[in-house]
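Heads up: the structure comes next, in structure tokens.
Any read-out appearing in this document is the output of simple, stated calculations on the displayed coordinates, not a laboratory observation. Because the structure is a prediction, the values reported are computed rather than measured. Virtual Cβ from ideal backbone geometry, glycine too; neighbours counted across all protein chains shown.
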Amino acid sequence: MPKKTAPKMIQTVVSIPAPLYEAAKRVQVMEGWNESEMHRVFWEKGFAVHIQATLARYQMGLITSEQGLVE
């Protein structure tokens, strides 16, 4: 992740396969994003897809609300 000093942000480090990163960089160039924007978009979009899958499993009864509770 590129270093940015932004309030209320957490910096993370991730490892991804090189071909996937190269494909993301091509999208970044096509969209005109800076590197920070690319990372933000991919995190947000990826998280949204994951949440949709989780909600679908919950609605199908594959997971229960008790499994989602954290104390």
- Query: For a label point 7 angstrom out from the Cα of His50 toward its Cβ, which stretches of segment 15-32 have the backbone nitrogen within less than 13 Å?
  - Reply: 15
- Query: Hey, got the dipole for segment 16-68? About the Cα centre, +1 on K and R Cβ, -1 on D and E Cβ, debye to the nearest 20?
  - Reply: 120 debye
